[in-house]
1. Are there any pairs with C-beta distances below 7 angstrom linking a residue in region 317-337 that is over 24 Å from Trp376 (Cα atoms) and more than 9 Å from ligand 2 (Cβ to nearest atom) to a residue that is among the acidic types (Asp, Glu) and not in a loop (DSSP other than H, G, I, E, B), with the two at least 6 apart or on different chains, and if so which?
2. List, please: which pairs have Cβ atoms under 7 Å, are six or more places apart or on different chains, and start with a residue in region 285-304 that is of a type in the set (D, E, K, R) and end with one that is in a loop (DSSP other than H, G, I, E, B) and within 12 Å of ligand 1 (Cβ to nearest atom)?
3. Mind listing just one residue for me: the one in region 296-319 that is surrounded by fewer than 22 Cβ atoms within 10 Å (Cβ to Cβ) and over 23 Å from Leu277 (Cα atoms) and, of those, farthest from ligand 1 (Cβ to nearest atom)?
4. Given (1) in contact (Cβ under 8 Å) with a residue 60 or more places away in the chain; (2) part of a loop (DSSP other than H, G, I, E, B); (3) hydroxyl-bearing (Ser, Thr, Tyr), where does Ser69 come up short, assuming only one miss?
5. With Arg174, Arg227 as the choices, which residue is within 24 Å of Ser280 (Cα to Cα), at pLDDT 95 or above and under 17 Å from the mean Cα position of the chain (by Cα)?
6. Would you check which residues across region 119-138 are under 20 Å from Thr325 (Cα atoms), out of contact with any Gly (no Cβ under 8 Å at 6 or more places or on another chain), in contact (Cβ under 8 Å) with a residue 40 or more places away in the chain and more than 16 Å from ligand 2 (Cβ to nearest atom) and list them?
7. Restricting attention to region 110-150, and to residues there that are farther than 21 Å from Val393 by Cα and in a loop (DSSP other than H, G, I, E, B), which single residue is nearest to the chain's Cα centre (by Cα)?
8. Looking at (1) more than 30 Å from Asp26 (Cβ to Cβ); (2) buried (at least 24 other Cβ atoms within 10 Å of the Cβ), which is the only condition Ala255 fails?
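The values are calculated or read from the model by the stated rules, or taken from the named source; none is laboratory data. Note that the structure is a prediction, hence the values are computed from the model and not measured. No Cβ is skipped: glycine too gets one built from the backbone with ideal geometry, and neighbour counts run over all protein chains shown. Surface areas here come from the heavy atoms of the whole protein model, side chains and all, with no ligands, DNA or RNA. Shrake-Rupley method; radii C 1.70, N 1.55, O 1.52, S 1.80 Å.
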Amino acid sequence: MNDLIIQNIKQLILPKSTERPLKGADLDELNIVENGTVVVKDGKVVYSGPYTNDFEAKETIDATGKVVSPALVDAHTHLVHGGSREHEMSLKRQGVSYLEILEQGGGILSTVKATCQTSEDDLFKKAEHDLLTMMHHGVLAVESKSGYGLDKENELKQLKVSRRLQDKYNLDMRHTFLGPHAVPKDASSNEAFLEDMIALLPEVKAYADFADIFCETGVFTIEESKRYMEAAKKEGFKVKIHADEIDPLGGLGLAIDQQAISADHLVASSDTDKAKLSDSDTVAVLLPGTTFYLGKNDYADARGMIENNGAIAIATDFNPGSCVTNNLQMVMAIAALKLKLSPNEIWNAVTVNAAKAIDVDAGTINKGDKANIVIWHAPNHEYIPYHYGINHVEKVIKDGKVIINHDIALA
Ligand code: NIG
Ligand code: FE
């Protein structure tokens, strides 16, 4: 006997199961079944497709008028951090830039201070609340970075919190060591600090899947980023990079040369680097919520990357400074308006391609897949990026069980 049937689904969104990330024009292809059925047994999808009543199950959910999709994947977050930085909003209003705030010892460095001063258990409680908020917004696979410790004890503290969250909620999580995220004010030089972070790689390997670096003016150069990526790969890490977020240093080209699993931000990437995407499976993880929150007018050239046959994904970049939202649906709206992505491209970018960017088995609900499913209170898939800033999730189903059930009725 099957466990669950989701029946009469108005639109069933079925991204394609694929070994490699979807690239170029393939990103606009999405299997959308009008009037669909999903059948689940033992936590797995046994059928997803056009309406059928050939199956029996212990429980049926009627999804008349609703959209059903795979649970979303957030491929870039700074989930575990101490404190908050609401006071930076007034600095930004006065015209102080993100890098100027960092230069003055604020920004990332103030979150480093707060994170170092917070105990592992308190960090856990705060990150747990933020993770549950993500789940309530339809996300069941998450990448989580360190980078607010900048020393062994505190980087490991963040990574341990991330792992404890994975253990507690049994989520598809990936953990990223981002030791080279900023240079502490008391470091003797950027190079010396980078060497300290490289020296941590063997020990950090037990806690982290990926190694990441912030390649930016005043932080780490292209040469330093290359040195770090090569050292990390020798230790068995897959590598990622915060690249070309503000200045066009060439981080995207470096990521492609280094066969990074992803290159993230890419707001200022050069045309030459974007052209290189065509021969690469490095996923361009675009974070338009950050551009929005930093008040910039120029967004990453998503259309150009797709024209160059690139693979793109979209993520929140959830962090306390440059993008303070853990609502991936909001970022889907910004991607529609500012990156000019089509609804199909957006759905592929937050499901199957986001899963490729963090190497998790997630983002699809075809036969045999884990039954990680969202039922949306929305009439069609275009509606979710359109009606922005609110939560359209009605139910979240994890491994075949309803774990979140939103009821609009008042208590
Ligand atoms: O991806 N740019 C570097 N790191 C984060 C921001 C971190 C922060 O401001 O606390 C980012 O935008
Ligand atoms: Fe980031």
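1. What qualifies is Gly321/Glu88.
2. Asp298/Val267
3. Result: Asn297.
4. The single condition Ser69 does not satisfy is (2).
5. Just one listed residue meets the conditions, Arg174.
6. Within region 119-138, Phe124, Glu128, Leu131, Thr133, Met135, His136, His137, Gly138 qualify.
7. The selected residue is Ser146.
8. (1)
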